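Read-outs throughout are calculated quantities, based only on the coordinates presented, and are distinct from any laboratory measurement. Predicted model, so just to flag it, every value in this text is computed and none were measured. FYI the Cβ positions are ideal-geometry reconstructions off the backbone, even for glycines, and counts take in every protein chain you see.
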Amino acid sequence: MKKSFCLIFILIATLFSGCVTKKEPSSIKVQSEEILRCFDEKDSEGLKSMFCQNSIDYYDIDSEIQNAFDLYEGQSVSYKIYSNGGWSGGYDNGICVDKHSTPEIRNIKTNCGKKYTIGFCTYEIYESDAGRVGIGVIGLQDEEGNEIAVIGGYGWK
């Protein structure tokens, strides 16, 4: 009886865990490292290509990226990725319709002796508006935790 209950519990838990995970998904790590690479190399086109269409349409992404790059000094020599619990989201009739995450790249130390944090919000799935898929916003903070630059946002209609 106990084995059957455990097996049923594991099966149910597996079925309902598709959009919400506690592990750091490799896609968050890859995306975080690509953002950091873009900052290090001042690759504005590479960073812009990661943004969702709504942010590109609604914000002046090019000038916001340039402003952030101007404030970010040097190239990273160390950092730590925090996935903030992994992916979150929602279901509609058993289908994942919203899968998003708000990771942070903390303790970024550059070869110029500067320290930063880069946080961002990204959607992997947003069924009711495909224009939200991708990064919506990136925030750059200095070592005191002051937000010094914002790229994009979620202020569209």
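What does a probe at SER63 reach in the stretch 128-149, counting residues whose amide N is under 16 Å from the point 7 Å along Cα→Cβ?
It comes to 149, nothing else.
Based on a Kirkwood Rh over C-alpha pairs, give the Stokes-Einstein translational diffusion coefficient of the stretch 25-156 at 10 °C and viscosity 1.306 mPa s in µm²/s.
Once the numbers are plugged in, D ends up at 106 µm²/s.
Can you tell me the length gained on complete extension of the stretch GLU45 to CYS96, counting 0.36 nm per residue apart and subtracting the Cα distance?
Answer, rounded to one decimal: 15.3 nm.
How high is the relative contact order of the stretch 59-157? Use alpha-carbon pairs under 8 Å, at least six apart in sequence, and give a whole percent.
Working: 200 pairs, mean separation 25.1, N = 99.
Worked out over the stretch 59-157, it gives 25 percent.
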